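Novice: Got a structure for you, written out below as structure tokens; questions coming shortly.
Computed from the coordinates by the stated procedures, all read-outs in this text should not be read as laboratory data. None of these values were measured; they are calculated from a predicted model. Every residue, glycine as well, gets a Cβ built from its backbone with ideal geometry; the counts of neighbours run over all protein chains shown.
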Amino acid sequence: MRKLQITLKVFLALLFLSLSYVDLDPGYIKAFGYGSICASINGYPEKDKYNASQYDFRGGKFYVKSGGRIDLRTILPEGKTYGDLYKAFKSSNSANHKNVVADEQKYIKIFISHDVSGIQFQFGSWPSDPNEMVNSDGKILNFSNTAESFGWNTSGVKWDDQSTYLQSTVSMWLDYAQPGWSMYILETVGWSRECPEKKYWSFDQSTYITPIGHELAPPHAYCIVEVK
């Protein structure tokens, strides 16, 4: 029985490794290009199986129905891995790599054109350069990189994986969204840190508060998702 358990563990480990190192289907590059986030409306986009029927992609935007769902896949810039992007940013921003709370992070930031009551935030077109948005207020999802994920050139986020908070972040918005409303989604890397230079006095707590801030690299991928 013990030998069977060991054999099963070895098999599962090998299966996991084989799935981790499978090549990205070049169909993604042909359809969306490098440095992009693709938003599927019909299930999780597998790394090695590009399926055009999962997307409604027109004029540089992904389209989703009100009340729908999205699963995401990020394609990094050509020849880059998460490790490359993180190390380059850390090297160029080393002065702010101090008082670190959470290091080696991947971040997804989501911005919306309207809130659920219909109040409009975004007027006109979204910027074509995501660096214009990276430090703006938006919903932020963070993921810890590992030695393994540092070697990846792509990653995915599943709608129904509760640990990612994707569904809980945008499902209510999608339920209320009207045709023409949109989301701007970008991905970057970085870390969070205590910011003593922004320390302030809290009258409620009668003490000084040191806020937590994010050091975010210029985004490496983005997409626009519009409600149809």
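Novice: For the residue pair Tyr44 and Tyr176, what label-to-label distance in nm results when each label sits 7 Å from Cα along the Cα-to-beta-carbon direction?
Specialist: Output for this residue pair reads 3.0 nm.
Novice: Residue separation times 0.36 nm, minus the C-alpha to C-alpha distance between Thr210 and Ser136: what's the value?
Specialist: Fully extending the segment from Thr210 to Ser136 adds 24.6 nm.
Novice: Tabulate in residue order the Karplus-calculated ³J(HN,Hα) for the range 33-49, using 6.51 cos²θ - 1.76 cosθ + 1.60 with θ = phi - 60°, rounded to whole Hz; enter x for Gly and Pro.
Specialist: x, 6, x, 9, 10, 9, 10, 7, 10, 9, x, 6, x, 5, 4, 9, 9
Novice: Hey, in the GNM for the chain with a 10 angstrom Cα cutoff, which one of Thr188, Thr169, Thr74 fluctuates hardest?
Specialist: In the Gaussian network model the winner is Thr169.
Novice: Among Ile212, Ile112, Ile70, Ile185, which comes first, second and so on when ranked by fewest other beta-carbon atoms within 10 Å?
Specialist: Taking fewest neighbouring Cβ atoms as first place, the list is Ile212, Ile112, Ile70, Ile185.
Novice: If the only charges are +1 at each Lys and Arg Cβ and -1 at each Asp and Glu Cβ, what is the size of the charge dipole of the chain around the Cα centre, to the nearest 20 debye? Numbers along the way, then the final one.
Specialist: On the way: 23 positive and 24 negative charges, 101 e Å.
Result for the chain is approximately 480 debye, rounded to the nearest 20.
Novice: Hey, another quick one. Please compute the contact order of the chain in relative form: average sequence separation of alpha-carbon pairs under 8 Å and at least six residues apart, divided by the residue count, as a percent.
Specialist: Values: 418 pairs, mean separation 62.2, N = 228.
Relative contact order of the chain: 27 percent.
Novice: Place a point 7 Å from Cα of Lys98 in the direction of its Cβ. Which residues in the range 193-216 have their backbone N less than 20 Å from it?
Specialist: Within reach of a label on Lys98: 193-200, 209-216.
Novice: Take Ala147 and Phe203, extend 7 Å from each Cα along the Cα→Cβ direction, and tell me the distance between the two endpoints in nm.
Specialist: 5.2
Novice: Roughly how many whole Å is it from the C-alpha centroid of the range 31-76 to that of the range 121-178?
Specialist: Each part's Cα centre sits 13 Å from the other's.
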